[in-house]
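Asks: This structure is in structure tokens; I'll ask about it shortly.
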Amino acid sequence: MKIISLEAWPERMALSEPYTIAYETVDHTINVFMRIETDGGVMGFGSAAPDQAITGETAETVLAAVQGPIFSLLKGTDPLRISLHMEKLKNLIPQQPSALAMVDMALHDILGKKAGLPLWKLLGGFRNRIKTSVTIGILSTDQTVEMAREWKIRGFKSLKLKGGKDVQSDIERVLKVREMVGKGIELRFDANQGYSVSESLEFVNKTKTANLELLEQPTPKDQLELLGSVTSGVAIPVMADESLMNLVDAFRLARKDLVDMVNVKLMKVGGIMEALHINSVSRAAGLEVMVGCMDESALSIAAGLHFALARPNVAYADLDGHLDLMDDPATGAVILKKGILYTTGKPGLGFEL
């Protein structure tokens, strides 16, 4: 089997509910979609969610990579030699993780379809569903509580609150949400690099009664010693997100015991294969893994889901980036029932664009 054609195109998708995090407000996203066709009639699909602030990419740079090195490398080759292709591409476009993730995704999709199996079974088959949290951006206390109420009514059992702009406001919102949702809902908090060490300690101390499940990336991503100070100074698990961009970061965080958990996003790390390596390092170091996402089409959410279902150490999911996207061409690529995510059960990623 050989690759006979590659196609990529951008899709601009508005968010039905714009949201605010510590460093920006978002009202739309642009994802790039890819189709790889083989001479055996099998087609693989992938998508990239470039983000200038996180991955350093734009839709334009992703499309340029497809038209240049990606096309040149893959045309006429065997799509099942995923490791070979991804190693070469990492050398050609090392600063384009979402473009790498898109290709990795499409090649794994072909592998699953060729085998006639859903990808999660090929990768390990540990579980067939996983609970996901749903994220609430930075809003007023009353708005946050009302949105939490709505998600609870819709059956979600895990909520993630965004913060990092004002610690006192964050404390108030967390306590009010816990008061409203009761004890049966998991609460997670993501400061998106917005806190100092002292603010992190104050936040955790003053939200003890809310029984937070974890604190995500409280301090600046490049100042790992600060992240380690928070981890050693609080009783709840601390998770790295922006501080984890690749396998080397995972090793560095694990070696120095700087965090308790890591958030692995395919768009940050370069795809499923790299995520599996990071998960292995994390498991060896006793770090639990959350699979996360950005503002992503349901197609790349499906890829994250297949990764999560394959391995026991991927114990948490935050795969909600598709929920507010309007006109997503991959709507239906995952199945969501009361906060639980399932694949479609079809081979590969389980969806045809």
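Asks: Where nothing but the Cβ of Lys and Arg (+1) and of Asp and Glu (-1) is charged, how large is the charge dipole of segment 1-119 around its Cα centre, in debye to the nearest 20?
Replies: 560
Asks: When the Cα atoms of segment 173-219 are enclosed in a convex hull and the volume is divided per residue, what value in Å³ results?
Replies: 62
Asks: What are the principal axis extents of the Cα atoms in segment 107-205, in Å, biggest first?
Replies: The Cα atoms of segment 107-205 stretch 54, 33, 20 Å along their principal axes.
Asks: With an 8 Å Cα cut-off and a minimum separation of 6 or more residues, compute the relative contact order for segment 58-202 in percent.
Replies: Relative contact order here is 17 percent.
Asks: While we're on this one: Mean residue ellipticity at 222 nm from the helices of the chain, using -39,500 (n - 2.57) per DSSP H segment of n ≥ 4 over the full residue count, to the nearest 500 deg cm²/dmol?
Replies: That calculation yields -11000 deg cm²/dmol at 222 nm.
Asks: Evaluate the distance, in nm, between pseudo-label points positioned 7 Å from the Cα of residue 183 and of residue 37 along their respective Cα→Cβ axes.
Replies: Placing both labels 7 Å beyond Cα along the Cβ direction yields 6.0 nm.
Asks: Still on this model: Among 20, 44, 67, pick out the residue whose Cα is farthest towards the positive end of the charge dipole of segment 1-151, where Lys and Arg carry +1 and Asp and Glu carry -1 on C-beta, about the Cα centre.
Replies: Ranked along the dipole, the leading option is 44.
Asks: Per the Kirkwood treatment, what hydrodynamic radius in Å, one decimal, follows for segment 181-330 from the mean inverse distance over all distinct Cα pairs?
Replies: Over segment 181-330, the inverse of the mean reciprocal pair distance is 15.8 Å.
Asks: Next question. For the chain, with all protein chains present and a 1.4 Å probe, just round the carbon and sulfur fraction of the accessible area to a whole percent.
Replies: Carbon and sulfur: 50 percent of the exposed surface of the chain.
Asks: Using the Cα centre as the reference, give the magnitude of the dipole from point charges on the C-beta atoms of the chain (Lys, Arg: +1; Asp, Glu: -1; all else neutral), rounded to the nearest 20 debye.
Replies: 1360
Asks: In the chain, with Lys and Arg counted as +1 and Asp and Glu as -1 at Cβ, which of these residues, 312, 155, 211, has the Cα nearest the positive end of the dipole, that is, farthest along it?
Replies: Sorting the options by dipole projection puts first 312.
Asks: Along the Cα→Cβ direction, 7 angstrom out, place labels at residue 280 and residue 166. What is the inter-label distance in nm?
Replies: Placing both labels 7 Å beyond Cα along the Cβ direction yields 4.8 nm.
Asks: Hey, if you put +1 on the Cβ of every Lys and Arg and -1 on every Asp and Glu Cβ in the chain, which of 267, 285, 95 ends up farthest toward the positive end of that dipole?
Replies: 285
Asks: Classify the chain as rounded, prolate or oblate, taking a ≥ b ≥ c as the square roots of the eigenvalues of its Cα gyration tensor: rounded when a/c is under 1.5, otherwise prolate if a/b is larger than b/c and oblate if not.
Replies: The shape class here is prolate.
Asks: For residue 202 and residue 338, calculate 0.36 nm times their separation in residues minus their Cα-Cα distance, and state this gained length in nm to one decimal.
Replies: Between residue 202 and residue 338, full extension yields an extra 45.6 nm.
Asks: With Cβ to Cβ distances under 9 Å as the rule, what net charge do the other residues near residue 167 carry (K, R +1; D, E -1)?
Replies: Around residue 167, the surrounding residues sum to -2.
Asks: Taking only Cα atoms and a 10 Å spring cutoff, compute GNM fluctuations for the chain and point out the largest among 94, 79, 118.
Replies: Of the options given, 94 has the highest mean-square fluctuation.
Asks: What number comes out for accessible area per residue over the chain if the probe is 1.4 Å? Units Å², please.
Replies: 40
Asks: Using 0.36 nm times the number of residues separating residue 17 and residue 353, minus their current alpha carbon distance, what extension gain do you get?
Replies: Here the segment from residue 17 to residue 353 would lengthen by 118.5 nm.
Asks: If contacts are Cα pairs under 8 angstrom and at least 6 residues apart, what is the relative contact order of the chain in percent?
Replies: Relative contact order here is 20 percent.
Asks: Under the Kirkwood approximation applied to all pairs of distinct alpha-carbon atoms, what is the hydrodynamic radius of segment 46-125 in Å?
Replies: 13.2 Å is the Kirkwood radius here.
Asks: Here is a follow-up. When a/c is below 1.5 the answer is rounded, else prolate if a/b is larger than b/c, else oblate, so apply that to segment 49-187 with a ≥ b ≥ c taken from the square roots of the Cα gyration tensor eigenvalues.
Replies: oblate
Asks: Does anyone have the angle between helix 141-153 and the longest principal axis of the chain? Alpha-carbon axes, 0 to 90°, nearest 10?
Replies: Between the helix axis and the principal axis of the chain, the angle is about 60 degrees.
Asks: Which loop chymotrypsin sites (Phe, Trp or Tyr not before Pro) in segment 66-171, with loop taken from DSSP, have no more than 16 other Cβ atoms within 10 angstrom of their Cβ?
Replies: Hits after loop and neighbour filter: 126.
The values are calculated or read from the model by the stated rules, or taken from the named source; none is laboratory data. Model, not experiment: these values are computed from the prediction. Using ideal geometry, Cβ is built from the backbone for each residue, glycine included, and neighbour counts are taken over all protein chains shown. Each accessible area value is taken on the protein alone, full model and side chains, heavy atoms only, with ligands, DNA and RNA left out. Shrake-Rupley method; radii C 1.70, N 1.55, O 1.52, S 1.80 Å.
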